Amino acid sequence: MKDGSESILTFALCNFHFAISLIFLYLATTVIPASVEARLAPRRTVLENGLIVLTSEQRALPMVTFNLLIEAGSRFESAGREGTANLVARLLTYGTRTRTATQIGEALDFIGATLSAGCDEETATVSLTVLKKDLQTGVDLFADALTVSTFPQTEIDRQQQSVIASIRAKQEEPGQIAQEKFREALFQDSAYGRPVEGTMESVGRVDRGALLQFYEAYYRPNRAILAVVGDVSHEETVGLLEKLLRGWERRGSSSQPPPTASPAAAGFIRVNKDLTQANILIGHHGVPRNHPDYYAIQVMNYILGSGGFSSRLMDSIRNERGLAYSVYSAFDADKYAGSFQLAMQTKNESAGEAIRVAMEEVRKIRDQGVTREELQAAKDYLTGSFPLRFDSNRRVGAFLTQMEYFGLGMDYMDRYADVIRSVSREDVLRVARSRLQPDKWIVVVVADQSKAGLNNSLDRGKGP
């Protein structure tokens with residue numbers, strides 16, 4: 001029999017998720033949504049050069065954050081020069097017509113500002129955080145990076161070596177290996193199936209001319225969305241940008257058609273590594289962000305695998321059987337494509353059993369749907385946690401740019417809770433049956449294959 005302290009601990013743990021759900025329900029139906037709407041109060045303006053500017057005035061701290069999203073991701077690269085978009089983003093702050101990389105770094109340090117850039121398959125991002133008193137200086141540095149970067153050869157050489165070292169290191173990371181193999185198989189013959197960083201060979205082939213050509217073609221205001229959040233008014237922001245970005249000229253869109261791909265046949269991809277833990281990634285195509293089933297899918301997947309300790313996968317695989325420390329599932333939705341992924345780590349010897357149990361849970365939700373209690377808990381969490389996405393100026397800025405990029409509308413924050421609440425058990429069952437597709441599963445297992453215990457039926461993608 002358990003002693004008193006153990007019983008209290010067990011009771012507390014069992015009721016923890018219930019308590020959190022009640023808190024989220026209270027927040028979702030009372031105070032937070034109205035206060036978030038009033039606090040963010042986004043405004044939108046399109047400058048003459050085509051730049052979309054979104055602002056949210058926040059006076060609590062004397063700081064301002066700029067978050068720029070621009071259609072300049074890796075899918076716009078030329079064949080054979082994979083990694084170009086990533087290098088362009090990395091090099092933006094390493095030399096302009098008016099400042100060297102050292103001068104840019106010193107200027108940022110002097111005012112205590114941060115300026116960074118990166119990219120993914122679709123977009124590049126440039127972010128600035130600066131004190132209000134140094135706003136003019138910060139925006140001047142930001143504008144330089146966007147409009148007059150020069151890509152000095154010494155910096156190109158340095159960044160190429162850094163990227164190649166990063167690629168080499170990732171080749172030893174089991175989770176990264178699994179992710180790359182999965183995307184290669186899911187998005188065959190597509191930019192989505194290539195690593196954003198490129199390969200060691202392709203990165204070495206990217207020269208300064210290719211970087212400048214990409215920069216000139218894609219870093220244009222009519223391809224960009226800029227969110228400015230903090231201690232500055234909409235009018236002040238627009239006036240400052242019109243002055244400092246006057247020379248940033250729009251150009252005819254150098255668009256590319258949305259990526260298309262034919263996924264590999266369902267089945268197993270085995271990668272042999274000397275590991276004690278098998279890294280497993282299971283998945284197939286998903287839906288793009290604007291798909292009408294998107295919200296029902298999010299509710300369904302919260303119950304299946306994204307709900308942490310309250311999810312079915314975690315309960316079945318970790319809590320009941322102790323097969324994995326962590327297991328989760330996700331529907332990632334990009335603008336033109338999406339994917340479903342179920343990921344976990346387990347001992348080599350239990351890889352087959354973990355996959356079998358995961359398959360069982362997917363079959364159950366497709367065959368039986370979810371309970372009213374599960375549905376309500378998912379809705380409470382998704383609506384209650386929504387305002388928590390706005391706990392910093394940087395996160396507000398990122399949210400605003402995504403809201404514009406996906407065409408969600410300026411009233412999205414008002415509509416979100418109602419859309420989630422409108423999802424029914426019938427909707428969840430319908431999307432589980434139509435969007436979870438075991439017959440199309442690509443299963444990647446990075447493990448010591450001699451110990452993984454995967455049988456022939458698994459190799460044929462039919463399950464145990």
Candidate cut points under GluC sites (Glu not before Pro) in the stretch 213-294, DSSP loop plus at most 16 other Cβ atoms within 10 Å of their own Cβ, are E249
In this structure, the FRET efficiency calculated for E236 and E349 from their beta-carbon separation, with R0 = 45 Å, to the nearest 0.05, is 0.10
Here the gain from full extension of E201 to L388, 0.36 nm per residue of separation minus their alpha-carbon distance, amounts to 63.1 nm
Rounded to one decimal in nm, the spacing of the 7 Å Cα→Cβ label points at Q449 and R97 is 5.5 nm
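Roughly to the nearest percent, how much of the accessible area of the stretch 183-224 is carbon and sulfur, given a 1.4 Å probe?
45 percent
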Note: N272 to R251 extended length (0.36 nm per residue) minus current alpha-carbon separation gives 2.7 nm
Result for the chain: accessible area per residue, probe 1.4 angstrom, in square angstrom, of 46 Å²
Here the gain from full extension of E48 to A169, 0.36 nm per residue of separation minus their alpha-carbon distance, amounts to 39.1 nm
Rounded to whole angstrom, the alpha-carbon centroid of the stretch 148-166 lies from that of the stretch 373-429 at a distance of 39 Å
Given pairs K170/K273; K273/K347; K347/K440; K379/K440 and cut-off 20 Å on Cα-Cα distance, the over-length ones are K347/K440; K379/K440
Of all trypsin sites (Lys or Arg not before Pro) in the stretch 307-350, the ones in DSSP coil with at most 15 other Cβ atoms within 10 Å are R321
Cross-link reach from K133 to lysines, straight Cα distance under 27 Å and at least 8 residues apart if same chain, gives K243
Residue-normalised 222 nm signal for the chain, counting each DSSP H run of n ≥ 4 as -39,500 (n - 2.57), nearest 500 deg cm²/dmol, is -13500 deg cm²/dmol
In whole Hz, the Karplus estimates of ³J(HN,Hα) for the stretch 427-440 (6.51, -1.76, 1.60; θ = phi - 60°; x where Gly or Pro) are 5, 4, 5, 5, 6, 4, 6, 8, 10, 9, 10, x, 6, 10
Carbon and sulfur atoms account, in whole percent of the 1.4 Å probe accessible area of the stretch 281-387, for 45 percent
A correct Karplus calculation of ³J(HN,Hα) over the stretch 212-218, with 6.51 cos²θ - 1.76 cosθ + 1.60, θ = phi - 60°, whole Hz and x for Gly and Pro, returns 5, 4, 5, 4, 5, 7, 10
Note on the stretch 72-127: alpha-carbon gyration tensor, axes a ≥ b ≥ c; rule is a/c under 1.5 for rounded, else prolate if a/b larger than b/c, else oblate; result prolate
When every protein chain stays in place and a 1.4 Å probe is rolled, V299, V46 sorted by accessible area with the largest first are V46, V299
Gyration tensor on Cα atoms of the stretch 208-326, a ≥ b ≥ c root eigenvalues, a/c under 1.5 rounded, else prolate if a/b beats b/c, else oblate, says prolate
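Could you tell me the calculated FRET efficiency between D411 and D332, based on Cβ-Cβ distance and R0 = 25 angstrom, to the nearest 0.05?
According to the calculation, E is roughly 0.50.
The values are calculated or read from the model by the stated rules, or taken from the named source; none is laboratory data. Since this is a predicted model, take the numbers as computed values, not measurements. When we count neighbours, we look across all protein chains shown, and the Cβ atoms used for this are built from the backbone with ideal geometry, even at glycine. What goes into the accessible areas is simple: the full protein's heavy atoms, side chains included, and nothing from ligands, DNA or RNA. Shrake-Rupley method; radii C 1.70, N 1.55, O 1.52, S 1.80 Å.
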